[in-house]
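Asks: Structure provided below as structure tokens; questions to follow.
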Amino acid sequence: DTGNGEQPYECPICSLTCTNIHILEEHVDLHLKEQSFPEGGNNGDLELAQQLQTEEYKQQRLEEEKREKEEFKKLQRQYGLDNSGGYKQQFLNNMEREVNRGRMQPFEYHKRKADMMECLAFGVDDGKTKTSGITEALCKYYQNENKDVRRVWLSTGVDHFHSSLGDKGWGCGYRNFQMLLSSLLQNSLYNDCLRGTALIPGIPKIQSMIEDAWKEGFDPHGASHFNNRLRGSKAWIGACEIYSLLTSLRVKCQVIDFHKPTGPMGTHPRLFEWILRYYSADNEGGAKVVCTSRPPIYLQHQGHSRTVVGIEEKKNKTLCLLVFDPGCPSQEMQKLLKQSIDGSSLRLLRKYVGSLKEKQYQIVAVDGVLTLEEKTARCHASRVLTSEKIP
């Protein structure tokens, strides 16, 4: 045992131990290139060693290929690419499970199934996981709160969307797109490019919209990762898919990559500073509460994504993001509307620098509308899509 979790491989000729099969193979080849073994060796020993080495190598390759296949299947399941069905199938399966456990009556099952089929037919979200009015409630709260917040900047109104029976475990990227779109639809600047999107699309429709962006030529490398198909799958999406979809709609946006921590203990203070500049760039007035015209920011890290709807600057100069998490149940978010917001209830939303300690983060930030010519240029550029990296 090498002590570090690696499997030792022993040379069949001289018993030297290696931790890498390829190094062992090169080592044995050196033996075999010699005309003979040291004194006492013979051609029979050489042939036997060659045979043993070949058989051992084949066995190790078979075991390695088996492990690789198992890991690949595990990754396919993890990222929804295992052909196990998509939103519709998961929704039905989970409802059947609820009926079998006595948590749902059969009549409710049939009603919800009919509602789902109707929404799928029209391509719209059913709105059952949506909570509206939170950013407006936050604006009122900060107008009266004077304890430790020096200034706060808020996005244009954003609806919160929570995962449902159909997308629990994999739908965060789609739900965050719905949140972003809900804000864009309230901003007249985006009326023209979103003319065909009056209602919030459901997840299967969003999958089709991303596929349409790929067909236009956006991000062919990313499309090939999904075999150019999302609809009917539980595939996770990330910043590149959000960028491609928004750009195909002529929404101007950029992907910013915070590829390594920039502060102590694995923190990302530059991420917070960038978001502060995003919200405050055109809002430098002296008002304590600034309800900006800025859309929210899509925030991605390994395994999950969220939506940034604002940022606080404390009196001690520390920064705090205000974040909508699609994993937070609608019942919890609605409490922010049913009771007076206070510091404890804002724990659902507040993320300090010490709260975000993943190795890497990506954001998608919206900043205006593209002309048709600009859209075409970005489509060509996305064939070698790279994010801007913050050093």
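Asks: With the chain treated as a Gaussian network of Cα nodes joined by springs under 10 Å, which of Arg97, Arg294, Arg270 yields the largest mean-square fluctuation?
Replies: Arg97
Asks: At 222 nm, what helix-only mean residue ellipticity would the chain give, in deg cm²/dmol to the nearest 500, using -39500 (n - 2.57) for each DSSP H run of four or more?
Replies: -13500 deg cm²/dmol
Asks: What is the helix-to-structure angle for 21-33, meaning the angle in degrees between its Cα long axis and the longest Cα principal axis of the chain, kept from 0 to 90 and rounded to the nearest 10?
Replies: 20 degrees
Asks: What angle, in degrees between 0 and 90 and rounded to the nearest 10, separates the Cα long axis of helix 239-248 from the longest principal axis of the Cα atoms of the chain?
Replies: Between the helix axis and the principal axis of the chain, the angle is about 50 degrees.
Asks: Now for a different question. Using alpha-carbon pairs under 8 Å, 6+ residues apart, how would you state the relative contact order of the chain in percent?
Replies: Value for the chain: 20 percent.
Asks: So what are region 269-382's ellipsoid semi-axes, whole angstrom, largest first, if each one is the square root of 5 times an eigenvalue of the alpha-carbon gyration tensor?
Replies: The three semi-axes for region 269-382 are 27, 19, 16 Å.
Asks: How far is helix 269-280 tilted off the main Cα axis of the chain, in degrees rounded to 10, range 0 to 90?
Replies: That helix lies at roughly 30 degrees to the long axis.
Asks: What translational D, rounded to a whole number of µm²/s, comes out for the chain from Stokes-Einstein when the hydrodynamic radius is the Kirkwood one over Cα pairs, at 25 °C and 0.890 mPa s?
Replies: 100 µm²/s
Asks: Looking at region 123-389, what % of its DSSP beta bridges pair antiparallel, to the nearest 5?
Replies: Of all bridge pairs located within region 123-389, approximately 85 percent are antiparallel.
Asks: Just the number, please: carbon plus sulfur as a percent of the accessible area of region 101-193, 1.4 Å probe, no ligands or DNA/RNA counted.
Replies: Of all accessible area on region 101-193, carbon and sulfur atoms account for 51 percent.
Asks: So, one more: If you take the charge dipole of the chain about its Cα centre, with +1 on Lys and Arg Cβ and -1 on Asp and Glu Cβ, which of Gly222, Asn176, Cys18 is farthest toward its positive end?
Replies: Positive-end residue among those listed: Asn176.
Asks: Another question, then. Quick one: length gained pulling Arg383 to Arg195 fully straight, 0.36 nm per residue minus the C-alpha distance?
Replies: Length gained, Arg383 through Arg195: 65.0 nm.
The values are calculated or read from the model by the stated rules, or taken from the named source; none is laboratory data. It should be emphasised that the depicted structure is a prediction, and the values quoted were computed from it without experimental measurement. Here the Cβ is made from the backbone with ideal geometry for all residues, glycine too, and neighbour counts use every protein chain on show. SASA here: full protein model, heavy atoms, side chains in, ligands and nucleic acids out. Shrake-Rupley method; radii C 1.70, N 1.55, O 1.52, S 1.80 Å.
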